[in-house]
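Each reported figure results from applying straightforward, stated rules to the coordinates on display, with no laboratory input. Source: prediction; values computed, not measured. Please note: Cβ atoms are built from the backbone with ideal geometry, for glycine as well, and neighbour counts cover all protein chains shown.
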Amino acid sequence: MAALGANLAIAASKFVAFAFSGSSSMLAEGVHSLADSGNQALLLIGGKKAQREATPQHPFGYGRERYIYAFLVSIVLFSVGGMFAIYEGYEKIRHPHEIEHWYWPVGVLVFAIIAEGFSFRTAIKESNELRGKLSWSQFIRRAKAPELPVVLLEDFGALIGLVLALGGVGLALLTGDGVWDGIGTVCIGVLLVLIALVLAGETKSLLLGESAGLDDVRKIEAAVVDGHTVTGLIHMRTLHLGPEELLVAAKIAVQHDDSAAQVATAIDAAEARIREAVPIARVIYLEPDIYSEAEAAKGPDREATPGGPDQHPAEH
């Protein structure tokens, strides 16, 4: 919401500055801010749609809507923001003209840097609550909720873009050559394209399906085994159904002489321990089996088919 409010105000001021000055950097920056505003709106829509209840057609819910809309953000940033800026800068380099009423673009750029700085500061503050000891690059790569990494990258790119625009306008005013304004615009476009590609790569991974983080995996592994009925974890897979919803599927080792009632009670207890250790683990499937060291060495993808030579699943 902070980013949306800042970008709407900045976009309006940039278009006014472009109208008075004719600066292509201001036009590119105006389109950039307008695209960013649309991106924040897309993230808000995705967050709202992801809250819908599960249906028979979508039994695991709509949590991945947030990933879909984040991917759309990268497409908008690439096409509307980056490619438009590159085209506009190329045209300005081919047909340069002096900047009129220089105080408009300079004043608006200073205002935009202050407003974007406020939005960036808010995103940093919110991210620090989740980032822990991770570096910023690790946080962006590993974050399961797409909104904060998207806003962080957008605001970071916007601040660099504003500095590039201010440099292009400043050089154009100092030299009297409008080509510098066009060069600054092309640099803004290249920056936006690079950020869009990074966002697309990260959200594509989320769309394909990512496992739980290493810390959560360790917590789940520790919570499954009680040492009595559940004697070990044979193999496990996790999958994020959404940023705050995790699917856990595991094969657990039980005693060969336990009754069905004892195994069922142990599974219920293990599920409770998992949810206590990792609250976002909301969908849990535990399958009991007898541990076999020989079969475990084959790995989870080598499970025997019914009626095959080995009726025991392969585990690790």
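Values as computed for the structure displayed
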| item | result |
| --- | --- |
| The chain: angle of helix 214-224 to the longest principal axis, Cα-based, in degrees nearest 10 | 20 |
| Residue order, fewest to most surrounding Cβ atoms within 10 angstrom, among H256, H235 | H256, H235 |
| On Cα atoms only, tilt of 2-21 relative to the major axis of the chain in degrees | 20 |
| Alpha-carbon centroid distance for the pair the stretch 1-43 / the stretch 218-291, whole angstrom | 50 |
| Cα gyration tensor shape of the stretch 214-302, rounded if a/c is under 1.5, else prolate or oblate by comparing a/b with b/c | oblate |
| Crossing angle, helix 147-175 versus the chain [Cα axis fit, 0-90 degrees, rounded to tens] | 20 |
| Extended-chain gain in nm, criterion 0.36 nm per residue less alpha-carbon gap, K204 and V163 | 11.8 nm |
| Reach of K144 by Cα under 22 Å, taken over lysines that are not fewer than 8 positions away in the same chain | K48, K49, K125, K133, K204, K219 |
| Normalised contact order of the chain, rounded percent, pairs of Cα under 8 Å and 6 or more residues apart | 18 |
| Antiparallel DSSP beta bridges within the chain, percent to nearest 5 | 55 |
| Debye log10 I(q)/I(0) for the chain, one point scatterer per Cα, at q = 0.07, 0.12, 0.14 Å⁻¹ | -0.42, -0.83, -1.00 |
| Local electrostatic count at I195 - Lys and Arg +1, Asp and Glu -1, tallied over other residues with Cβ under 13 Å | -4 |
